[in-house]
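Encoded as structure tokens, the structure appears first; notes follow it.
The values are calculated or read from the model by the stated rules, or taken from the named source; none is laboratory data. Please read all numbers here as calculations on a predicted model, not as lab measurements. Don't worry about glycine lacking a Cβ; one is built from the backbone with ideal geometry, like all the others, and counts go over all protein chains shown. Side chains are part of the model used for accessible areas, which takes the heavy atoms of the whole protein and leaves out ligands, DNA and RNA. Shrake-Rupley method; radii C 1.70, N 1.55, O 1.52, S 1.80 Å.
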Amino acid sequence: MNWLENPFVWIVLFPALAASGVLFQMVTGLFSCCGTFRLQGRSIRLKWWMIPTVSIVTAMLWISVVFLAFFTS
């Protein structure tokens, strides 16, 4: 079975991509005038814990994708 045919890879891949996009918006929001990023059309002010938390979640999701892709095929 090819790893692209594994449905569990896709179930983890899409949240990993979404978390990466949110993390990118948060990091670029650090350089804006008010330290905000947009999520579902709303402006959210960055807190000190948001970027480390989303970084950890993103890393765990990508590690899960790699684990599923290499060890379940």
Quiz prompt | Per-residue HN-Hα couplings for region 17-31 [Karplus 6.51, -1.76, 1.60; θ = phi - 60°; Hz; x = Gly/Pro] | solution = 5, 5, 5, 5, x, 5, 4, 4, 5, 5, 5, 5, x, 4, 9
Practice problem: Sort largest first and round to whole Å: the equivalent ellipsoid semi-axes of the chain, each the square root of five times a Cα gyration tensor eigenvalue. | Solution: 31, 11, 8
Quiz item: To the nearest 0.05, what FRET efficiency results for V27 and F67 with a Förster distance of 25 Å applied to their C-beta separation?
Solution: 0.50
Practice problem: Sort L17, L23 from largest to smallest accessible area, using a 1.4 Å probe on the heavy atoms of the protein chains. | Solution: L17, L23
Practice problem: Using R₀ = 22 Å, calculate the FRET efficiency as 1/(1 + (r/R₀)^6) where r is the Cβ-Cβ separation of I44 and A18; round to 0.05. | Solution: 0.90
Self-check item: Relative contact order of the chain, defined on C-alpha pairs under 8 angstrom at six or more residues apart (%)
Solution: 45
Practice problem: Could you list the residues of region 17-45 with an amide nitrogen less than 11 Å from a label point located 7 Å from the Cα of A59 in the Cα-to-C-beta direction? | Solution: none
